[in-house]
Amino acid sequence: MPSRALLAVLTLVVAVAGCDRIGDWMIARTLRRVDHAILESPDLTVVLCGTGSPIADRTRAGACTAVIAGGQLILVDVGPGSWETVDLANLPTEALSAILLTHFHSDHIGDLGEAVTQSWIAGRSRPLDVYGPPGTSEVVTGFRLAYTADVGYRILHHGEQYMPRAAAIPVAHDVPLGDDPAASAVVFDRNGLKVTMFRVDHRPVEPAVGYRFDYAGRSVVVSGDTKRSASLIQHAQGADLLIHEALQPAMMARVSGVARGLGRDRLAKMAGDTIGYHTSPADAATVARDARVHHLVLTHLVPPPNNFLTRRLFTRGMGGIFSGETTLGEDGMRFTLAPKS
Ligand SMILES: [Zn+2]
Ligand SMILES: [Zn+2]
């Protein structure tokens, strides 16, 4: 018996030691997953980090699109839950160089504090630039104040050598825009990447903007929230990739109708009110056609189409309008555009 007990103990020790080694291997594998090489890539890369809307959805974070080019990682909007998706996409978060806001609805700015804080923890050593239309500085100031105590805790805990205070403070840039409904402004032109902001139509929300990225002969346009917009068609001309918001009006009208039938009048009104200031999938297809883009990617999907039936209903009416490729966006999707000679 003693030898049997000893054998059992030895077996347990070997098993635990083995588990430790397997555990170490799994941790190392996870840590190695971060794609630092993407910063050296000659490509223009887009990762969807939030294809959802204010409607709760386990598979879709709030609005967020990552653009990687010229050694820069840029996020367009940082909706609730999107930072986790950025991290899960294995993007090099310490290299986050700018955040671009399209407008100030909560589903586009909710994770601003997380993006600033978590990229600082990951090793970002310079202040983070946050660009947007006029009003951006007010939003950034609010988040900065809300995170004042957190910044202090982390510096005390890890030391300023690792957590430089200057890098914890986001720097707001209000980009002035003219009153013209098709007004545009160059946000920056750096390392070959030119970023242009342009007005879109999300009234009563004003200002609301979209962004165009040009790099190495390739181009990507992010619509922001908008109705069918002539300005967007103008500024998206010839783009390789158009990331366009979409709301399916027939589905939302049914949501509103069913809610009213159940006596949920408030929900019925809210659902009905959303229809007027977004773009239907069919209209997004006409925008893609009129702008002569190559690939249309739908995002900010309302309501979220998460099974075969709802995907069919969502895209109803799009057929025969746009002859290029169309993709219904999902969180984590990646698009790579090689340089055009
Ligand atoms: Zn909005
Ligand atoms: Zn939105």
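The values are calculated or read from the model by the stated rules, or taken from the named source; none is laboratory data. Keep in mind the model is a prediction, meaning the values are calculated, not measured. Methodologically, a virtual Cβ is constructed for each residue, glycine included, from the backbone with ideal geometry; neighbour enumeration extends over all protein chains shown. In case anyone asks, the SASA skips ligands and DNA or RNA and just uses the protein heavy atoms, side chains included. Shrake-Rupley method; radii C 1.70, N 1.55, O 1.52, S 1.80 Å.
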Name the residue, out of 229, 223, that is modelled with pLDDT under 95 and either under 23 Å from residue 327 (Cβ atoms) or surrounded by 24 or more Cβ atoms within 10 Å (Cβ to Cβ) (or both).
229
Cβ pairs under 6 Å, 6+ apart, first in the stretch 164-175 and touching a residue at least 24 places away in the same chain (Cβ under 8 Å), second open to solvent by 40 Å² or more (accessible area, probe 1.4 Å) and assigned to a helix (DSSP H, G or I)
172/137; 174/137
Out of all the residues in the stretch 199-218, which are over 10 Å from residue 103 (Cβ atoms) and either free of Cβ contacts under 8 Å to residues at least 24 places away in the same chain or surrounded by fewer than 22 Cβ atoms within 10 Å (Cβ to Cβ) (or both)?
201, 203, 204, 214, 216, 217, 218
Read through the list (1) touching a Lys or Arg at 6+ places or on another chain (Cβ under 8 Å); (2) at positive phi; (3) open to solvent by 50 Å² or more (accessible area, probe 1.4 Å); (4) of a type in the set (Gly, Ala, Ser), then give the number of the only condition that residue 250 fails.
(2)
Kindly check whether there is at least one residue in the stretch 88-95 that is open to solvent by less than 10 Å² (accessible area, probe 1.4 Å) and closer than 24 Å to residue 143 by Cα.
yes
Residue hits (the stretch 198-213; away from ligand 1 (no atom under 13 Å from the Cβ) and in contact with a Gly (Cβ under 9 Å, 6 or more places away or on another chain)) are 198, 199, 211
Report, ordered by the first and then the second residue, all pairs with beta carbons closer than 8 Å, sequence separation of six or more or different chains, a first member in the stretch 107-124 that is within 14 Å of residue 85 (Cα to Cα) and among the polar types (S, T, N, Q), and a second member that is open to solvent by less than 20 Å² (accessible area, probe 1.4 Å) and away from ligand 1 (no atom under 15 Å from the Cβ).
118/83; 118/93; 119/93; 119/96; 119/128
Considering only the stretch 282-298, how many residues are surrounded by fewer than 24 Cβ atoms within 10 Å (Cβ to Cβ) and under 19 Å from residue 337 (Cα atoms)?
4
What do you reckon, is residue 35 out of contact with any Leu (no Cβ under 9 Å at 6 or more places or on another chain), more than 24 Å from residue 175 (Cα to Cα), in contact (Cβ under 8 Å) with a residue 12 or more places away in the chain and away from ligand 1 (no atom under 16 Å from the Cβ)?
no
